[in-house]
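The values are calculated or read from the model by the stated rules, or taken from the named source; none is laboratory data. What you are looking at is a predicted structure, and each value in this text was computed from that prediction instead of being measured. We place every Cβ from the backbone using ideal geometry, glycine too, and count neighbours over all the protein chains shown. Accessible surface areas use protein heavy atoms only, side chains included; no ligands, DNA or RNA. Shrake-Rupley method; radii C 1.70, N 1.55, O 1.52, S 1.80 Å.
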Amino acid sequence: MSKLPHSSHALVTGGGRGIGRAVAAALTEAGAVVTIVGRNRATLDEAVKAGAAKFAEVADVADEVSVRSAIAVAAARQPVDILVANAGAAESAPFGRSDAALFQRMMDVNFMGVVHAAQAVLPGMIERRRGRIVAIASTAGLKGYAYVSAYSAAKHAVIGLVRSLALETAKSGVTVNAVCPGFTETDLLEGSIDNIIKKTGRSREQAIAELSKHNPQARLVTPQEVADAVLWLCGEGAAAITGQAIAVAGGEV
């Protein structure tokens, strides 16, 4: 298990379900005090009750005021040492039917959500000269996929942010990295599976196979595999790792 600084306070956005919940649980198991942030109070409370996290705060990552307020409450309990900016959303449409509003939604959640959270925690990390920021991006931030141009553009923006911010903070004791999962077994992916079934008439098994074909291992990634990569980046042994975009995708990229 990756060794974390003693009693680190980790904050995970989108931590109530899917990859975020798996990350929160892994950090908790590794000894961190974990605060999860999300929009649905019931989902967050259930994750806390299950032991995946210690605290929960409600916020919409696309809303800067909301995010800063939630993080301020969390930081008042204990300064934030680790930020996992995981919250995201995916919408698919042909480029010709991807209007400005769709592009804005994808940028607000997937990119600006990372920006808002990072700006809220970074001053304190730099002052204490220690910290870990991990953005959950996507293989869509490293390559293109058809029919998700807005989502892919937003995730590419996340990678650019990570690489630039890592250089700004290189001497501060803070590291900034991205983890880029391929298609992962989450409820978010369920929406894509349902969309394939609806539009093509394929079976669920065929829809999953369609998504799995991108992975040379011919399978979906598990949330735990993504969480393990995040946990390593947050550990003391990863102090020299910054500005990286690490794919968890079976060799796809």
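Multiplying the residue separation of Thr200 and Ala100 by 0.36 nm and removing their Cα-Cα distance gives an extension gain of 33.3 nm.
Distance from the C-alpha centroid of the stretch 176-253 to that of the stretch 109-166: 16 Å, rounded to the whole angstrom. Taking the inverse of the mean 1/r over every pair of distinct Cα atoms in the stretch 118-197 gives a Kirkwood hydrodynamic radius of 14.1 Å. The shape of the stretch 1-83 comes out oblate: with a ≥ b ≥ c from the C-alpha gyration tensor, a/c is at least 1.5 while a/b does not beat b/c. With a 1.4 Å probe and all protein chains left in place, how much of the accessible area of the stretch 39-85 comes from carbon and sulfur atoms, in whole percent? Of all accessible area on the stretch 39-85, carbon and sulfur atoms account for 52 percent. Near Val12, once Lys and Arg are set to +1 and Asp and Glu to -1 for all other residues with Cβ below 14 Å from its Cβ, the sum equals +2. If the label point is 7 Å along Cα→Cβ of Val253, which residues in the stretch 133-148 have backbone nitrogen under 16 Å from it? Only 135-148 pass the distance filter. Within the shell of other residues whose beta carbon sits under 13 angstrom from the beta carbon of Ala170, the net charge comes to +2, with Lys and Arg scored +1 and Asp and Glu -1. At full extension, Glu29 and Arg41 could sit 2.1 nm farther apart than now, given 0.36 nm per residue minus the alpha carbon distance.
Note on His6 and Arg219: their simple-model spin labels are 3.9 nm apart, each label 7 Å out from Cα toward Cβ. Axis angle, to the nearest 10 degrees, between helix 223-234 and the longest C-alpha principal axis of the chain: 30 degrees.
Treating each Cα of the chain as an identical point scatterer and summing with the Debye formula, the log10 of I(q)/I(0) at q = 0.10, 0.12, 0.15 Å⁻¹ comes to -0.45, -0.65, -1.02. Evaluated with a Cβ-only charge set (Lys, Arg +1; Asp, Glu -1), the chain carries a dipole of roughly 220 debye about its Cα centre, given to the nearest 20.
Toward the positive end of the charge dipole of the stretch 53-160, with +1 on the Cβ of Lys and Arg and -1 on the Cβ of Asp and Glu, the farthest Cα among Gln104, Ile126, Ile159 is that of Ile126.
The Cβ shell under 15 Å around Asp63 holds other residues with a net charge of -1, Lys and Arg each +1, Asp and Glu each -1.
How much accessible area per residue does the chain have, counting only protein heavy atoms and a probe of 1.4 Å, in square angstrom?
Working: 11520 Å² over 253 residues.
Per-residue value: 46 Å².
Per atom type, the stretch 105-164 shows carbon and sulfur on 58% of its accessible surface, probed at 1.4 Å. Relative to the dominant Cα principal axis of the chain, helix 113-128 is inclined by about 20°. Relative to the longest principal axis of the Cα atoms of the chain, the long axis of helix 187-200 lies at roughly 10 degrees.
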